[in-house]
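Below you'll find the structure, written out as structure tokens, and then a few comments.
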Amino acid sequence: MTSILAVDDSASMRQMVSFTLKGAGFDVREATDGVEALEIAKTESFDLVLTDVNMPNMNGIELVKNLRQLDNYKFTPMLMLTTESAGDMKMQGKQAGATGWIVKPFNPDQLLSTIKRVLG
Amino acid sequence: MSVDLSQFHQVFFEESFEGLDIMESELLDMDPADVDDETVNNIFRAAHSIKGGAGTFGFMPVSEFTHVLETLLDEIRSGKRSMEPRYVDLFLQSVDCLRGMLSDMQEGNDPETERPAELRKEFEVILGMEQESAPEEAASEPDEKDGGWLIDVQPHTDLLMTGNEPFRMFRELRELVGEDNFEVTADIDSVPELSSLAPEECVMNWQIKVTTSVPLDDIKAIFEWVEDECDLTYSPLVGTSEVEAESSAVDATGTPAAGQLPEAAAVASPEKTAVVAEAQKSAKPAKAPKKAAESSSIRVSIDKVDSLINMVGELVITQSMLGQLGQDFDLSRLAKLQEGLSQLEQNTRELQESVMKIRMMPISFAFSRFPRLVRDLGGQLGKKVILETIGEQTELDKTVMEKINDPLVHLVRNSMDHGLETTEKRIAAGKSEEGTITLNAYHQGGNIVIEVADDGAGLNEDRILKKAIEKGLVPENNSLTPEEIHNLIFLPGFSTAEAVSDISGRGVGMDVVRRNIQALNGSIEVKSQRNVGSTFIIRLPLTLAILDGQLVKVCEETYIFPLVSIVESIQIHRSSLNHVTGSQYVMQLRDEYIPIVRLDQIFGLRDDKDVVDEMMLVVVEGDNEKIGIVVDDLLGQQQVVIKSLEQNYQKVSGISGATILGDGTVALIIDISSIGKNIVPVKRNQNRSERAA
């Protein structure tokens, strides 16, 4: 089963993302910030990482940067969930190694179609 | 796939209210002249989450309002602007406004629009924006280039290391334009010998020919994520030769390449992802089912849940052990049975403690509203006030916490209004310019103690006494100690209209505060010293669900008295009771007369003629008045779980609830304050007449 690590400090967003993805048949693991996600990622492998940008402790950009240092995450698609429609955050994310982004607000269908796009 | 988003609304509201609390407390702690990045980041993050969630779950008015607030915060965060006191005020007002909007929406109503519009205007003036321009139309213009495009894709070597996969994009493009209109050619010239090939690098280039009328923006959207990791060139195919096409290339960023045709410029409009375009069409908020605004759920830390699961595990083990023992039991295994039962008792107690802990929350939840209150009130009263909070992590039951909020607010308002002196008076009295209000919480025995202290002028005993005499609350010739005088402020009727001010008045006197606290089985007292300050001390049980009870016997019935109300228990003879009026008895207990209540009489348990001579009297204190309750016998003391009589039957005067005892029988819990109510007038008259005599 395709596995996804969903990282967001907002419980409602995390629940929505997780519910949507599980409903579409994905195996979903949740984390509430970058630090927790990084810990999980060190012991488990995922086919895709979906992360919010603004989070306490470790933000999404730092998380992507750190994940890319891990051997089994070199080529893993990583998407950022961001409300920043301005290019600044996207640029920082890209430089950190993010694959792409999904702009908030998004609905479950948009989320699924983007994820399916990435996973092919 | 359709997902019902309303199932996430409650969580969204809860976290948004929490976010607003964080914003408020950070703003209140902030010194605008010296703001650290972390504080602004915390505020920004909270606003940002609310905006993101509101947009996703369809609460557009909240999302739009938070947007302007976030814009100003972002400018402060990025150092474009520095924090100013007026911004702090505006942010605080916005927090209030958002709280109102979210509450409205939580209840399924449309949020108010006037206040957000006013505040929004203020933000826009600060930000130098006139009116937010209408959202850009994301729809692309119809493309006149219906011949198609030649796309040159030259990835940088590190493309794969962003998780992007060229074939994925090609597949997507093929789906977009149709298989028949799609042709891709790989350029392998730059692929090195196998021995020097670095497998992590992308070393191939591609040329894709799409013959389609699909708008260029849609094609570009597919490559949007890799614009910086690829050199992308889009050249129109106008049914001409490729040589011509190349000369009209448009690079990926939309900047016209050298020799570009004018038509190409027209299609190089600012890109927007498909996601953005669709998202802006988000549906209007669905009406949420009407829900109570008060939070009906609690957050429980994983530790507490784990400990509960652990306890249940132990209980299951004990149960299976006892089950086995019961299957073929003989007396030789009695010791084992007793061991098992004591194990069960321990498990049950631990489980009970763990379950109770779930309802416990740190008092910081109640304290957190005070910085704002003190700040606003200080401004209103023109007093400089510092708020200190101690013991914020002290835990108490969620219900108790919710109910203690109003009395606490009243006490703090009262201390600020009447307790603390004006700045001038403080300086004249040699005190610091700023007054201090201290909120302190700690556990003492099975209770939580909350103190509200001020370093103000202290209670004026002469004035209190004078007023109490005027009101007829105490006789003129009295020998009250200063402590007794201080506690007169809790008497009903002490608060007068002239004492009611905008701040602490609201027509609610200290007697109401005391009544509310007593309704929680708690007590309040005041300690005060002239020119040093006053401290209100509230004692509350840790929970309302369990009561430390004294079991008593009356005829064949067992009743429970809250242990906290019992002053003493004494054996008396029937002859020591005196009749006053009708069936009302009083008894002289040392130097005071106390009214006597006979439970057997109140509950109609036996005829008067059957009353025995030797009686047991339990002296209890409710509403600061002692009463004696006659019972037949004192049984043991134990913790009892309170079951509501109101929910299961109906409200009964004199009874606060019921419990189920170990033997399965139901015992009623006596409500000390209401059982004494019927006799209070008699008692007062009696006391006074006795004293006068």
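The values are calculated or read from the model by the stated rules, or taken from the named source; none is laboratory data. Everything numeric in this text was worked out from a predicted model, so none of it was measured. Neighbour counts run over all protein chains shown; Cβ positions are idealised from the backbone, glycine included.
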Original post:
Just to be sure, is A:L112 surrounded by fewer than 20 Cβ atoms within 10 Å (Cβ to Cβ), within 8 Å of another protein chain (Cβ to nearest Cβ) and over 17 Å from B:M161 (Cβ atoms)?
Top reply: yes
Subject >> Residues of segment B:1-37 classified as within 11 Å of another protein chain (Cβ to nearest Cβ) and among the charged types (D, E, K, R), total >> reply: 4
**OP:** Please state which of the following conditions B:V512 fails to meet, knowing it meets all the rest: (1) of a type in the set (A, V, I, L, M, F, W, C); (2) touching a strand residue (DSSP E or B) at 6+ places or on another chain (Cβ under 9 Å); (3) at pLDDT below 85; (4) closer than 14 Å to B:L411 by Cβ.
**Re:** (2)
**OP:** Among residues belonging to segment A:45-66 that are within 16 Å of A:S18 (Cβ to Cβ) and more than 9 Å from every other protein chain (Cβ to nearest Cβ), point out the one that is surrounded by the most Cβ atoms within 10 Å (Cβ to Cβ).
**Re:** A:T51
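Output the number of residues of segment A:49-80 satisfying the condition of being closer than 29 Å to B:A46 by Cβ and of a type in the set (S, T, Y). Let's see the steps before the verdict.
Taking segment A:49-80 and keeping what is closer than 29 Å to B:A46 by Cβ, we get A:49-68, A:78-80.
Filter again for of a type in the set (S, T, Y), leaving A:51.
Going through segment A:49-80 one residue at a time, the tally reaches 1.
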Original post:
Is it the case that some residue within segment B:586-608 is under 26 Å from B:L473 (Cα atoms), of a type in the set (D, E) and surrounded by fewer than 16 Cβ atoms within 10 Å (Cβ to Cβ)?
Top reply: yes
Original post:
Mind checking which residues of segment B:522-542 are farther than 27 Å from B:D462 by Cα and either modelled with pLDDT of 90 or more or in contact with a helix residue (DSSP H, G or I) (Cβ under 6 Å, 6 or more places away or on another chain) (or both)?
Top reply: B:L540
**OP:** Just one of (1) of a type in the set (S, T, N, Q); (2) in contact (Cβ under 8 Å) with a residue 40 or more places away in the chain; (3) within 11 Å of chain B (Cβ to nearest Cβ) trips up A:S18, so point out which.
**Re:** (2)
**OP:** Kindly check whether there is at least one residue in segment B:43-54 that is within 21 Å of the chain's Cα centre (by Cα), part of a helix (DSSP H, G or I) and under 25 Å from B:L377 (Cα atoms).
**Re:** yes
Original post:
Within the bounds of segment B:471-484, is there any residue that is crowded, with 20+ Cβ neighbours inside 10 Å, assigned by TED's automatic domain parsing to the domain that holds B:L377 and either part of a helix (DSSP H, G or I) or in contact (Cβ under 8 Å) with a residue 40 or more places away in the chain (or both)?
Top reply: no
Original post:
If you go through segment B:190-210 one residue at a time, how many are touching a strand residue (DSSP E or B) at 6+ places or on another chain (Cβ under 8 Å), away from chain A (no Cβ under 14 Å) and part of a loop (DSSP other than H, G, I, E, B)?
Top reply: 2
Original post:
Which one of these does B:L73 not meet: (1) within 14 Å of another protein chain (Cβ to nearest Cβ); (2) over 23 Å from the mean Cα position of the chain (by Cα); (3) surrounded by fewer than 18 Cβ atoms within 10 Å (Cβ to Cβ)?
Top reply: (3)
Original post:
Restricted to segment A:91-106, and to residues that are at the interface with another protein chain (Cβ under 7 Å from one of its Cβ atoms) and either in contact (Cβ under 8 Å) with a residue 60 or more places away in the chain or not small (G, A, S) (or both), which residue is nearest to A:L48 (Cα to Cα)?
Top reply: A:T99
Original post:
Among the numbered criteria (1) buried (at least 19 other Cβ atoms within 10 Å of the Cβ); (2) within 10 Å of chain B (Cβ to nearest Cβ), which single criterion is violated by A:A24?
Top reply: (1)
Original post:
In segment B:378-408, what count of residues is obtained for those that are surrounded by 17 or more Cβ atoms within 10 Å (Cβ to Cβ) and of a type outside the set (S, T, Y)?
Top reply: 16
Original post:
Which one of B:V88, B:V40, B:V95 is out of contact with any Gly (no Cβ under 9 Å at 6 or more places or on another chain), part of a helix (DSSP H, G or I) and within 14 Å of chain A (Cβ to nearest Cβ)?
Top reply: B:V40
Original post:
Among the listed residues B:S495, B:S501, which satisfies the condition of being among the polar types (S, T, N, Q), modelled with pLDDT under 85 and either more than 35 Å from the chain's Cα centre (by Cα) or surrounded by fewer than 17 Cβ atoms within 10 Å (Cβ to Cβ) (or both)?
Top reply: B:S501
Original post:
Out of segment A:67-90, which residues are in contact (Cβ under 8 Å) with a residue 40 or more places away in the chain and more than 7 Å from chain B (Cβ to nearest Cβ)?
Top reply: A:L81
Original post:
Residue check: is B:T535 assigned to a strand (DSSP E or B) and within 34 Å of the chain's Cα centre (by Cα)?
Top reply: yes
Subject >> segment A:67-78, residues that are of a type outside the set (D, E, K, R) and buried (at least 17 other Cβ atoms within 10 Å of the Cβ) >> reply: A:L67, A:Y73, A:T76, A:P77, A:M78
